[in-house]
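See structure below.
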Amino acid sequence: MKPAKVMIVEDNTTIATDCSECLLSLGYKITSIQASGEEAIIKAQTELPDVVLMDIHLRDNMDGITAAEQIYNQFQIPVVFLSAYGDRELLERAKKVGSFGYLIKPFEERELYVTLEMALYKAKTEKKQKQMESQIQLLQKMESIGTLAGGLAHDFNNLLYIVLGNINLAEDNLQNGNMALENLKEAGEICLQAKELTKKLLVFSKGERE
C-alpha cells in the first residue's frame, strides 16, 4: 500500500520541521511544507495530497480555517487543524468548514497518527457515500426514462394497430393490379417493423423498473 501523502501548512519553521520528521517516521510522505494559506491552495491543486495538516494561525491575510475551506470545497482534500489554543470559537469555525480533525500543540506522535488515520478513513467513507448517492440518482433517472419509454411505446403501439387495420381495409377494397396495393403493402411492412421496435422499448422499460 502506498503511503498517504501529507501537505504541512505551518509558518513556524521549527514546528513544521518537527511535524515533517514525525510524519516521515510514521510512514507518511510529505508533498511539501507551506507557510501561507494562499500557497497551500495553489499547491493543493498540483500536489493533490491525501490530507492537509493545517495550522490555524498563519501570519498572512488568510488564516488556516479559510484556506482549509477552499481546499476542501475545490479539491475535496480533508484537513486536520493544528492550534496552540483550545479556543471554543475557533473549534466551532473549524467544525463549520468540515474539519476532519483538530490537534492542540504540542501533541504526541500517537495523537498525530490516530487523528490523521481517522481523517483519511472519514474522507474515504464520505467519498464512497457520495459515489453511491450518484449511482442511486443515475438509477432513478434510468427508471424514469424506462417508465417514459414504456408509456410512449404503449401509445405508439395502439396507433400502429389502427394504421394497420386501415391498411388491411384499404387492401380489401382495391382490385389486384392496382398500384396502390404495392404502396399499402410497403406501408404495412414498415408498420410491422415499427411494432418490433415498440416491443423492444416495452422490454427495456420493464427491465428498468424491475
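The values are calculated or read from the model by the stated rules, or taken from the named source; none is laboratory data. Keep in mind the model is a prediction, meaning the values are calculated, not measured. Note that each Cβ is placed from the backbone with ideal geometry, even for glycine, and that neighbours are counted across all protein chains shown.
Screening E69, E21, E92 for residues that are closer than 21 Å to K122 by Cβ, out of contact with any Leu (no Cβ under 9 Å at 6 or more places or on another chain), of a type in the set (D, E) and without any contact (Cβ under 8 Å) to a residue 12 or more places away in the chain leaves exactly one candidate, E92.
May I ask you to list the residues in segment 1-44 that are in a helix (DSSP H, G or I), closer than 17 Å to E108 by Cα and of a type in the set (G, A, S)?
Selection gives A16, S20, S25.
Could you list all residues from segment 100-123 that are out of contact with any Leu (no Cβ under 8 Å at 6 or more places or on another chain) and small (G, A, S)? Correct list: A119, A123.
Yes/no matrix, rows are residues, columns are (1) over 26 Å from L24 (Cβ atoms); (2) of a type outside the set (S, T, N, Q); (3) surrounded by 11 or more Cβ atoms within 10 Å (Cβ to Cβ):
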site	(1), (2), (3)
R93	yes, yes, yes
K96	yes, yes, no
G101	no, yes, yes
E108	no, yes, no
E111	no, yes, yes
L120	no, yes, yes
S134	yes, no, no
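For segment 69-80, the count of residues that are in the same structural domain as N12 (by TED's automatic domain parsing), of a type in the set (V, I, T), out of contact with any Phe, Trp or Tyr (no Cβ under 6 Å at 6 or more places or on another chain) and assigned to a helix (DSSP H, G or I) is at least one.
In this structure, does V51 turn out to be under 20 Å from K127 (Cα atoms) and touching a residue at least 40 places away in the same chain (Cβ under 8 Å)? So V51 passes the test.
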